[in-house]
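Chemist: Have a look at this one before I ask anything.
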Amino acid sequence: MRRALYRRVPGRDPCPGRWGKLGVHRRAGVVAAVAVGLVAATPGYLTPAFADPRDDKRTVDRELARVRSMLESATERAQDATVAYADASGRLPAARERVAEARGLVAAAEVAADRTRREARQANRKLRRANLAYRSAENRVTDARERVGEFVSAAYKGGGAVAFTSLLSAESPSDLADRMAYLDDLASDQRTALDRVVELRHDAKRKQNAAVLAKQRADQAKRDADNALAAAHTARDAAARAEASVRNLVNKREAALRTAAEEREATLERYRDLRRESARIQADIRALAARDRGRGRAAAGSGGRFVMPARGWKSSDFGWRWDPYYRVWQLHAGMDIAAPGGSLIRAAAAGRVFRAGWNGGYGRYTCLYHGLSSGKGLATCYAHQSRIGVSYGQHVRRGQVIGAVGTTGASTGDHLHFEVRLNGTPVNPLRWLPACLC
(Lines give C-alpha, C1' and ligand atoms only; values in the text may rest on other atoms or scores of the structure.)
Protein backbone atom coordinates (compact mmCIF):
# COMPACT_ATOMS: atom_id res chain seq x y z
CA MET A 1 0.00 0.00 0.00
CA ARG A 2 1.23 3.44 -0.81
CA ARG A 3 1.09 6.08 1.90
CA ALA A 4 0.59 9.27 -0.06
CA LEU A 5 1.83 12.70 0.86
CA TYR A 6 0.20 15.53 -1.01
CA ARG A 7 2.41 18.04 -2.80
CA ARG A 8 1.78 20.58 -5.54
CA VAL A 9 4.66 20.87 -7.96
CA PRO A 10 4.99 24.25 -9.76
CA GLY A 11 4.33 23.87 -13.45
CA ARG A 12 2.98 20.35 -12.95
CA ASP A 13 -0.37 20.93 -11.31
CA PRO A 14 -2.77 22.36 -13.89
CA CYS A 15 -5.69 22.48 -11.45
CA PRO A 16 -4.90 24.96 -8.63
CA GLY A 17 -7.66 26.33 -6.45
CA ARG A 18 -10.76 24.78 -4.90
CA TRP A 19 -12.66 22.42 -7.13
CA GLY A 20 -16.02 23.09 -5.60
CA LYS A 21 -16.08 26.55 -7.23
CA LEU A 22 -15.56 25.27 -10.76
CA GLY A 23 -18.26 26.04 -13.28
CA VAL A 24 -19.96 23.38 -15.36
CA HIS A 25 -17.59 23.76 -18.31
CA ARG A 26 -14.45 23.72 -16.15
CA ARG A 27 -15.79 20.65 -14.34
CA ALA A 28 -16.30 18.87 -17.64
CA GLY A 29 -12.80 19.85 -18.70
CA VAL A 30 -11.29 18.43 -15.54
CA VAL A 31 -13.27 15.20 -15.90
CA ALA A 32 -11.91 14.89 -19.45
CA ALA A 33 -8.41 15.58 -18.13
CA VAL A 34 -8.88 12.73 -15.64
CA ALA A 35 -9.70 10.39 -18.51
CA VAL A 36 -6.71 11.58 -20.55
CA GLY A 37 -4.48 11.22 -17.52
CA LEU A 38 -5.61 7.65 -16.99
CA VAL A 39 -4.82 6.70 -20.58
CA ALA A 40 -1.42 8.38 -20.30
CA ALA A 41 -0.76 6.54 -17.07
CA THR A 42 -1.77 3.15 -18.47
CA PRO A 43 -0.17 2.81 -21.92
CA GLY A 44 -0.55 -0.97 -21.77
CA TYR A 45 -4.24 -0.60 -22.56
CA LEU A 46 -3.50 0.88 -25.97
CA THR A 47 -2.16 -2.42 -27.27
CA PRO A 48 -3.90 -5.16 -25.27
CA ALA A 49 -3.36 -8.85 -25.96
CA PHE A 50 -6.47 -10.93 -26.39
CA ALA A 51 -4.94 -14.31 -27.07
CA ASP A 52 -5.67 -15.54 -23.55
CA PRO A 53 -8.50 -14.16 -21.36
CA ARG A 54 -6.31 -14.88 -18.33
CA ASP A 55 -3.81 -12.31 -19.62
CA ASP A 56 -6.59 -9.71 -19.68
CA LYS A 57 -7.50 -10.55 -16.09
CA ARG A 58 -3.90 -10.37 -14.92
CA THR A 59 -3.47 -6.99 -16.61
CA VAL A 60 -6.64 -5.62 -15.02
CA ASP A 61 -5.72 -7.02 -11.60
CA ARG A 62 -2.27 -5.42 -11.72
CA GLU A 63 -3.74 -2.05 -12.63
CA LEU A 64 -6.37 -2.29 -9.91
CA ALA A 65 -3.68 -3.08 -7.33
CA ARG A 66 -1.68 -0.06 -8.53
CA VAL A 67 -4.70 2.24 -8.34
CA ARG A 68 -5.76 0.99 -4.92
CA SER A 69 -2.30 1.47 -3.42
CA MET A 70 -1.91 4.91 -5.00
CA LEU A 71 -5.26 6.18 -3.72
CA GLU A 72 -5.45 4.67 -0.26
CA SER A 73 -5.34 8.13 1.26
CA ALA A 74 -8.30 9.29 -0.82
CA THR A 75 -11.88 9.25 0.45
CA GLU A 76 -13.65 5.91 0.30
CA ARG A 77 -15.97 7.15 -2.44
CA ALA A 78 -13.00 8.41 -4.43
CA GLN A 79 -11.24 5.07 -3.98
CA ASP A 80 -14.31 3.16 -5.10
CA ALA A 81 -14.83 5.48 -8.06
CA THR A 82 -11.27 5.39 -9.32
CA VAL A 83 -11.01 1.64 -8.87
CA ALA A 84 -14.29 1.27 -10.75
CA TYR A 85 -12.95 3.52 -13.51
CA ALA A 86 -9.70 1.58 -13.77
CA ASP A 87 -11.58 -1.72 -13.72
CA ALA A 88 -13.95 -0.61 -16.48
CA SER A 89 -11.11 0.87 -18.52
CA GLY A 90 -9.13 -2.33 -18.21
CA ARG A 91 -12.06 -4.48 -19.31
CA LEU A 92 -13.19 -2.27 -22.20
CA PRO A 93 -10.56 -3.36 -24.77
CA ALA A 94 -11.36 -7.04 -24.28
CA ALA A 95 -15.10 -6.30 -24.29
CA ARG A 96 -14.79 -4.39 -27.55
CA GLU A 97 -12.75 -7.23 -28.99
CA ARG A 98 -15.54 -9.61 -28.01
CA VAL A 99 -18.03 -7.36 -29.79
CA ALA A 100 -15.93 -7.44 -32.96
CA GLU A 101 -15.53 -11.21 -32.71
CA ALA A 102 -19.25 -11.66 -32.06
CA ARG A 103 -20.15 -9.54 -35.08
CA GLY A 104 -17.77 -11.62 -37.19
CA LEU A 105 -19.43 -14.78 -35.91
CA VAL A 106 -22.85 -13.34 -36.77
CA ALA A 107 -21.73 -12.63 -40.32
CA ALA A 108 -20.19 -16.09 -40.68
CA ALA A 109 -23.26 -17.76 -39.19
CA GLU A 110 -25.60 -15.88 -41.52
CA VAL A 111 -23.48 -16.87 -44.53
CA ALA A 112 -23.54 -20.48 -43.36
CA ALA A 113 -27.28 -20.31 -42.82
CA ASP A 114 -27.83 -18.95 -46.35
CA ARG A 115 -25.61 -21.65 -47.83
CA THR A 116 -27.31 -24.45 -45.96
CA ARG A 117 -30.75 -23.12 -46.93
CA ARG A 118 -29.70 -23.18 -50.58
CA GLU A 119 -28.33 -26.68 -50.18
CA ALA A 120 -31.59 -27.75 -48.55
CA ARG A 121 -33.59 -26.34 -51.47
CA GLN A 122 -31.34 -28.11 -53.97
CA ALA A 123 -31.64 -31.37 -52.04
CA ASN A 124 -35.43 -31.07 -52.07
CA ARG A 125 -35.43 -30.48 -55.81
CA LYS A 126 -33.28 -33.59 -56.31
CA LEU A 127 -35.64 -35.51 -54.04
CA ARG A 128 -38.65 -34.50 -56.12
CA ARG A 129 -36.87 -35.54 -59.34
CA ALA A 130 -35.84 -38.84 -57.76
CA ASN A 131 -39.41 -39.51 -56.61
CA LEU A 132 -40.75 -38.73 -60.09
CA ALA A 133 -38.20 -41.06 -61.69
CA TYR A 134 -39.11 -43.80 -59.23
CA ARG A 135 -42.84 -43.44 -59.87
CA SER A 136 -42.24 -43.50 -63.65
CA ALA A 137 -40.14 -46.66 -63.29
CA GLU A 138 -42.83 -48.26 -61.17
CA ASN A 139 -45.43 -47.45 -63.83
CA ARG A 140 -43.29 -49.09 -66.51
CA VAL A 141 -42.93 -52.18 -64.35
CA THR A 142 -46.70 -52.30 -63.92
CA ASP A 143 -47.28 -52.05 -67.69
CA ALA A 144 -44.73 -54.78 -68.37
CA ARG A 145 -46.25 -57.05 -65.77
CA GLU A 146 -49.72 -56.57 -67.28
CA ARG A 147 -48.42 -57.69 -70.68
CA VAL A 148 -46.82 -60.81 -69.17
CA GLY A 149 -50.11 -61.41 -67.44
CA GLU A 150 -51.85 -61.47 -70.79
CA PHE A 151 -49.49 -64.24 -72.00
CA VAL A 152 -50.07 -66.20 -68.81
CA SER A 153 -53.83 -65.80 -69.16
CA ALA A 154 -53.75 -67.01 -72.74
CA ALA A 155 -51.72 -70.05 -71.76
CA TYR A 156 -54.09 -70.78 -68.91
CA LYS A 157 -57.07 -70.65 -71.33
CA GLY A 158 -55.51 -73.28 -73.59
CA GLY A 159 -53.54 -71.15 -75.92
CA GLY A 160 -50.86 -73.82 -76.05
CA ALA A 161 -53.31 -76.52 -77.21
CA VAL A 162 -54.68 -74.16 -79.82
CA ALA A 163 -51.19 -73.55 -81.11
CA PHE A 164 -50.54 -77.31 -81.26
CA THR A 165 -53.82 -77.89 -83.09
CA SER A 166 -52.88 -75.12 -85.49
CA LEU A 167 -49.68 -76.96 -86.39
CA LEU A 168 -51.58 -80.23 -86.98
CA SER A 169 -54.03 -78.54 -89.28
CA ALA A 170 -51.34 -77.16 -91.59
CA GLU A 171 -52.23 -77.93 -95.21
CA SER A 172 -48.74 -77.87 -96.67
CA PRO A 173 -45.11 -77.83 -95.55
CA SER A 174 -44.85 -74.12 -96.28
CA ASP A 175 -47.97 -73.47 -94.26
CA LEU A 176 -46.47 -75.52 -91.40
CA ALA A 177 -43.27 -73.50 -91.57
CA ASP A 178 -45.23 -70.25 -91.47
CA ARG A 179 -47.23 -71.44 -88.49
CA MET A 180 -44.07 -72.58 -86.64
CA ALA A 181 -42.38 -69.22 -87.33
CA TYR A 182 -45.40 -67.44 -85.92
CA LEU A 183 -45.31 -69.56 -82.77
CA ASP A 184 -41.56 -68.87 -82.41
CA ASP A 185 -42.23 -65.13 -82.68
CA LEU A 186 -44.96 -65.47 -80.10
CA ALA A 187 -42.63 -67.30 -77.70
CA SER A 188 -39.92 -64.74 -78.31
CA ASP A 189 -42.36 -61.93 -77.43
CA GLN A 190 -43.20 -63.78 -74.21
CA ARG A 191 -39.53 -64.10 -73.29
CA THR A 192 -38.90 -60.45 -74.20
CA ALA A 193 -41.83 -59.36 -72.03
CA LEU A 194 -40.50 -61.37 -69.09
CA ASP A 195 -36.96 -59.97 -69.54
CA ARG A 196 -38.44 -56.49 -69.76
CA VAL A 197 -40.23 -56.96 -66.45
CA VAL A 198 -37.01 -58.07 -64.78
CA GLU A 199 -35.04 -55.17 -66.27
CA LEU A 200 -37.64 -52.62 -65.33
CA ARG A 201 -37.87 -53.98 -61.79
CA HIS A 202 -34.07 -53.57 -61.41
CA ASP A 203 -34.30 -50.01 -62.76
CA ALA A 204 -37.18 -49.24 -60.41
CA LYS A 205 -35.14 -50.56 -57.50
CA ARG A 206 -32.22 -48.30 -58.45
CA LYS A 207 -34.59 -45.34 -58.71
CA GLN A 208 -36.05 -46.25 -55.34
CA ASN A 209 -32.57 -46.37 -53.77
CA ALA A 210 -31.72 -43.01 -55.35
CA ALA A 211 -34.93 -41.56 -53.94
CA VAL A 212 -34.13 -42.89 -50.46
CA LEU A 213 -30.64 -41.37 -50.61
CA ALA A 214 -32.09 -38.09 -51.88
CA LYS A 215 -34.54 -38.11 -48.96
CA GLN A 216 -31.70 -38.69 -46.49
CA ARG A 217 -29.68 -35.85 -48.02
CA ALA A 218 -32.70 -33.56 -47.98
CA ASP A 219 -33.37 -34.38 -44.32
CA GLN A 220 -29.71 -33.79 -43.43
CA ALA A 221 -29.69 -30.53 -45.38
CA LYS A 222 -32.76 -29.38 -43.44
CA ARG A 223 -31.10 -30.26 -40.15
CA ASP A 224 -27.96 -28.41 -41.22
CA ALA A 225 -30.04 -25.39 -42.21
CA ASP A 226 -31.90 -25.45 -38.88
CA ASN A 227 -28.61 -25.74 -36.97
CA ALA A 228 -27.02 -22.93 -38.98
CA LEU A 229 -30.04 -20.73 -38.35
CA ALA A 230 -29.90 -21.51 -34.63
CA ALA A 231 -26.16 -20.71 -34.63
CA ALA A 232 -26.88 -17.39 -36.31
CA HIS A 233 -29.49 -16.57 -33.66
CA THR A 234 -27.06 -17.57 -30.89
CA ALA A 235 -24.30 -15.44 -32.43
CA ARG A 236 -26.64 -12.46 -32.68
CA ASP A 237 -27.63 -12.91 -29.02
CA ALA A 238 -23.97 -13.13 -28.00
CA ALA A 239 -23.19 -9.99 -29.98
CA ALA A 240 -26.07 -8.18 -28.32
CA ARG A 241 -24.80 -9.22 -24.88
CA ALA A 242 -21.26 -8.14 -25.77
CA GLU A 243 -22.49 -4.76 -26.96
CA ALA A 244 -24.56 -4.37 -23.80
CA SER A 245 -21.43 -5.16 -21.76
CA VAL A 246 -19.50 -2.42 -23.55
CA ARG A 247 -22.32 0.07 -22.97
CA ASN A 248 -22.40 -0.92 -19.31
CA LEU A 249 -18.63 -0.44 -18.94
CA VAL A 250 -18.79 2.96 -20.65
CA ASN A 251 -21.65 4.02 -18.35
CA LYS A 252 -19.71 2.71 -15.36
CA ARG A 253 -16.67 4.78 -16.33
CA GLU A 254 -18.76 7.92 -16.77
CA ALA A 255 -20.43 7.43 -13.38
CA ALA A 256 -17.03 6.80 -11.76
CA LEU A 257 -15.63 10.00 -13.25
CA ARG A 258 -18.58 11.97 -11.90
CA THR A 259 -18.07 10.52 -8.41
CA ALA A 260 -14.31 11.10 -8.52
CA ALA A 261 -14.98 14.71 -9.53
CA GLU A 262 -17.34 15.17 -6.58
CA GLU A 263 -14.72 13.78 -4.19
CA ARG A 264 -11.80 15.82 -5.47
CA GLU A 265 -11.67 18.50 -2.78
CA ALA A 266 -12.28 16.05 0.08
CA THR A 267 -9.51 13.80 -1.24
CA LEU A 268 -7.05 16.66 -1.65
CA GLU A 269 -7.84 17.72 1.92
CA ARG A 270 -6.92 14.23 3.07
CA TYR A 271 -3.65 14.52 1.23
CA ARG A 272 -3.01 17.82 3.00
CA ASP A 273 -3.86 16.22 6.38
CA LEU A 274 -1.37 13.46 5.66
CA ARG A 275 1.31 15.97 4.83
CA ARG A 276 0.63 17.81 8.11
CA GLU A 277 0.84 14.52 10.03
CA SER A 278 4.13 13.69 8.32
CA ALA A 279 5.43 17.10 9.36
CA ARG A 280 4.47 16.38 12.99
CA ILE A 281 6.32 13.04 12.88
CA GLN A 282 9.30 14.82 11.36
CA ALA A 283 9.29 17.39 14.17
CA ASP A 284 9.20 14.62 16.81
CA ILE A 285 12.16 12.82 15.24
CA ARG A 286 14.18 16.03 14.96
CA ALA A 287 13.47 16.84 18.58
CA LEU A 288 14.67 13.39 19.66
CA ALA A 289 17.79 13.75 17.49
CA ALA A 290 18.53 17.21 18.93
CA ARG A 291 18.26 15.80 22.43
CA ASP A 292 20.66 12.95 21.54
CA ARG A 293 23.14 15.35 20.00
CA GLY A 294 22.92 17.51 23.09
CA ARG A 295 23.66 14.48 25.27
CA GLY A 296 26.39 13.21 22.95
CA ARG A 297 24.64 9.92 22.28
CA ALA A 298 25.55 7.69 19.34
CA ALA A 299 23.23 5.83 17.00
CA ALA A 300 21.62 2.63 18.20
CA GLY A 301 23.49 -0.33 16.73
CA SER A 302 21.76 -1.92 13.75
CA GLY A 303 24.66 -3.81 12.23
CA GLY A 304 24.49 -1.57 9.17
CA ARG A 305 21.27 -3.23 8.00
CA PHE A 306 17.81 -3.63 9.48
CA VAL A 307 16.14 -6.96 9.89
CA MET A 308 13.04 -7.55 7.77
CA PRO A 309 10.07 -6.21 9.73
CA ALA A 310 7.70 -8.85 8.31
CA ARG A 311 7.82 -12.02 6.23
CA GLY A 312 6.13 -11.44 2.91
CA TRP A 313 6.72 -9.98 -0.53
CA LYS A 314 7.21 -6.41 -1.67
CA SER A 315 3.95 -5.22 -3.17
CA SER A 316 4.70 -1.51 -3.59
CA ASP A 317 7.81 0.66 -3.79
CA PHE A 318 8.77 3.93 -2.19
CA GLY A 319 8.64 7.08 -4.33
CA TRP A 320 6.73 9.96 -5.86
CA ARG A 321 3.74 9.09 -8.04
CA TRP A 322 1.65 11.16 -10.41
CA ASP A 323 -2.04 10.80 -9.61
CA PRO A 324 -3.79 10.91 -13.01
CA TYR A 325 -7.21 11.16 -11.35
CA TYR A 326 -6.61 14.28 -9.28
CA ARG A 327 -3.54 15.51 -11.14
CA VAL A 328 -1.25 15.93 -8.15
CA TRP A 329 2.05 14.33 -7.15
CA GLN A 330 1.93 12.03 -4.14
CA LEU A 331 4.71 10.47 -2.14
CA HIS A 332 4.38 6.83 -1.25
CA ALA A 333 6.50 7.33 1.85
CA GLY A 334 7.37 3.70 2.50
CA MET A 335 7.50 0.20 1.12
CA ASP A 336 4.55 -2.18 1.30
CA ILE A 337 5.14 -5.76 2.39
CA ALA A 338 2.18 -8.00 1.60
CA ALA A 339 1.64 -10.67 4.26
CA PRO A 340 -1.31 -12.58 5.73
CA GLY A 341 -3.32 -10.78 8.39
CA GLY A 342 -1.98 -11.50 11.85
CA SER A 343 1.60 -12.12 10.66
CA LEU A 344 4.17 -10.91 13.18
CA ILE A 345 5.80 -7.50 12.82
CA ARG A 346 9.30 -7.16 14.28
CA ALA A 347 11.38 -4.12 15.16
CA ALA A 348 13.83 -3.45 12.33
CA ALA A 349 16.43 -2.29 14.92
CA ALA A 350 16.65 -1.61 18.64
CA GLY A 351 14.96 1.61 19.69
CA ARG A 352 12.32 3.40 21.72
CA VAL A 353 8.62 3.72 20.88
CA PHE A 354 7.57 7.34 20.32
CA ARG A 355 4.29 6.67 18.48
CA ALA A 356 1.88 3.82 19.26
CA GLY A 357 -1.82 4.09 18.54
CA TRP A 358 -4.40 5.03 15.95
CA ASN A 359 -3.24 7.54 13.35
CA GLY A 360 -5.93 8.27 10.74
CA GLY A 361 -5.15 6.78 7.35
CA TYR A 362 -2.17 4.92 8.83
CA GLY A 363 -4.56 2.92 11.01
CA ARG A 364 -2.80 1.30 13.98
CA TYR A 365 0.61 2.88 13.77
CA THR A 366 3.90 2.47 15.61
CA CYS A 367 7.13 4.49 15.24
CA LEU A 368 10.50 3.61 16.76
CA TYR A 369 13.38 6.02 17.26
CA HIS A 370 16.77 4.32 16.82
CA GLY A 371 19.20 7.14 17.58
CA LEU A 372 21.58 9.10 15.35
CA SER A 373 22.85 8.05 11.96
CA SER A 374 25.49 10.38 10.46
CA GLY A 375 24.24 13.04 12.85
CA LYS A 376 20.58 12.63 11.77
CA GLY A 377 17.75 11.10 13.74
CA LEU A 378 16.88 7.61 12.45
CA ALA A 379 13.39 6.18 12.89
CA THR A 380 11.14 3.45 11.45
CA CYS A 381 7.33 3.41 11.32
CA TYR A 382 4.86 0.54 10.90
CA ALA A 383 1.32 1.18 9.62
CA HIS A 384 -2.03 -0.66 9.23
CA GLN A 385 -1.41 -3.11 12.06
CA SER A 386 -4.20 -5.37 13.23
CA ARG A 387 -2.83 -5.00 16.76
CA ILE A 388 -0.05 -3.08 18.47
CA GLY A 389 2.17 -5.01 20.87
CA VAL A 390 4.16 -2.16 22.45
CA SER A 391 3.42 1.12 24.20
CA TYR A 392 4.74 4.68 24.15
CA GLY A 393 8.19 5.07 25.70
CA GLN A 394 8.97 1.35 25.69
CA HIS A 395 12.46 0.22 24.66
CA VAL A 396 12.49 -2.69 22.17
CA ARG A 397 15.20 -5.04 20.96
CA ARG A 398 16.19 -5.64 17.34
CA GLY A 399 13.81 -8.31 15.98
CA GLN A 400 11.36 -8.05 18.91
CA VAL A 401 7.69 -8.56 18.01
CA ILE A 402 5.94 -5.18 18.17
CA GLY A 403 2.61 -5.91 16.45
CA ALA A 404 0.78 -7.84 13.74
CA VAL A 405 0.02 -7.25 10.08
CA GLY A 406 -3.46 -5.95 9.28
CA THR A 407 -5.47 -3.67 7.04
CA THR A 408 -6.56 -0.84 9.34
CA GLY A 409 -6.89 2.78 8.24
CA ALA A 410 -6.72 3.67 4.54
CA SER A 411 -5.82 0.17 3.43
CA THR A 412 -7.29 -2.17 0.84
CA GLY A 413 -5.71 -5.43 1.99
CA ASP A 414 -3.50 -7.04 4.59
CA HIS A 415 0.06 -5.69 4.45
CA LEU A 416 2.67 -3.74 6.39
CA HIS A 417 3.44 -0.20 5.29
CA PHE A 418 7.07 0.23 6.44
CA GLU A 419 8.78 3.62 6.54
CA VAL A 420 12.35 4.68 7.24
CA ARG A 421 12.86 8.35 8.20
CA LEU A 422 16.11 10.30 8.47
CA ASN A 423 15.67 13.50 10.45
CA GLY A 424 11.96 12.92 9.85
CA THR A 425 12.18 12.83 6.05
CA PRO A 426 10.99 9.56 4.45
CA VAL A 427 13.76 7.72 2.59
CA ASN A 428 13.76 4.53 0.52
CA PRO A 429 13.64 1.53 2.93
CA LEU A 430 15.40 -0.72 0.39
CA ARG A 431 18.72 0.95 1.27
CA TRP A 432 18.36 -0.25 4.85
CA LEU A 433 16.94 -3.75 4.38
CA PRO A 434 18.65 -7.01 3.36
CA ALA A 435 19.12 -7.20 -0.41
CA CYS A 436 17.15 -10.46 -0.50
CA LEU A 437 14.30 -8.91 1.50
CA CYS A 438 14.40 -12.01 3.64
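Chemist: Please give the per residue accessible area of the range 308-438, computed with a probe of 1.4 Å over protein heavy atoms only, in Å². Each step should come with its number before you reach the end.
Modeler: Details: 4680 Å² over 131 residues.
Ligands and nucleic acids excluded, the figure is 36 Å² per residue.
Chemist: Testing the spin-label approximation: label points 7 Å from Cα along Cα→Cβ at residue 241 and residue 293. State their distance in nm.
Modeler: 6.9
Chemist: Charges on Cβ only, +1 for Lys and Arg, -1 for Asp and Glu, centred on the Cα centroid of the range 239-368; of 328, 242, 350, which one is farthest towards the dipole's positive end?
Modeler: Of the options given, the answer is 350.
Chemist: Rounded to the nearest 0.05, what FRET efficiency do residue 358 and residue 255 give with R0 = 25 Å and r taken as the Cβ-Cβ distance? Could you check?
Modeler: On the way: r = 33 Å, r/R0 = 1.32.
E between residue 358 and residue 255, to the nearest 0.05, is 0.15.
Chemist: Would you check the accessible area of residue 295, probe 1.4 Å, heavy atoms only, in square angstrom rounded to 10?
Modeler: Its heavy atoms expose roughly 140 Å² to the probe.
Chemist: If 417, 202 are ordered by their accessible area, calculated over protein heavy atoms with a 1.4 Å probe, which sequence runs from highest to lowest?
Modeler: Values: 417 0, 202 110 Å².
The most accessible residue leads, giving 202, 417.
Chemist: Another question about this same structure. Leaving out ligands, DNA and RNA but keeping every protein chain, what accessible area does residue 195 have, in Å² rounded to the nearest 10, with a 1.4 Å probe?
Modeler: In the full protein context, residue 195 sits at about 100 Å².
Chemist: Can you sort 146, 263, 138 by 1.4 Å-probe accessible area, starting with the largest? If you can, show how the numbers build up before the last one.
Modeler: Numbers: 146 110, 263 25, 138 75 Å².
Heavy-atom accessible area, descending, gives 146, 138, 263.
Chemist: Here's something else I'd like to know. Sort 395-401, 380-386 for me by packing, meaning the mean count of neighbouring Cβ atoms within 10 Å per residue, highest on top. List each step's numbers first, then the result.
Modeler: Details: 395-401: 15.3, 380-386: 25.1.
The densest-packed peptide leads the list: 380-386, 395-401.
Chemist: Follow-up question, since we're still on this one. If you wrap a convex hull around the C-alpha atoms of the range 348-438 and split its volume per residue, what is the figure in Å³? Kindly include the intermediate steps, with their values, before the conclusion.
Modeler: On the way: hull volume 8.9 nm³, N = 91.
Hull volume normalised by residue count: 98 Å³.
Chemist: Probe radius 1.4 Å, ligands and nucleic acids ignored: give me the carbon and sulfur share of the accessible area of the range 349-438 as a rounded percent.
Modeler: Working: 1670 of 3210 Å².
The nonpolar share, carbon plus sulfur, comes to 52 percent.
Chemist: Then there is this: With all protein chains present and a 1.4 Å probe, how do 203, 414 order by accessible area, largest first? Before the final figure, lay out the partial values.
Modeler: Working: 203 30, 414 70 Å².
Correct descending sequence by accessible area is 414, 203.
The values are calculated or read from the model by the stated rules, or taken from the named source; none is laboratory data. Computed from a prediction, not measured in an experiment: that's the story for all the values here. We place every Cβ from the backbone using ideal geometry, glycine too, and count neighbours over all the protein chains shown. Protein only, heavy atoms only, side chains kept; ligands, DNA and RNA dropped before computing areas. Shrake-Rupley method; radii C 1.70, N 1.55, O 1.52, S 1.80 Å.
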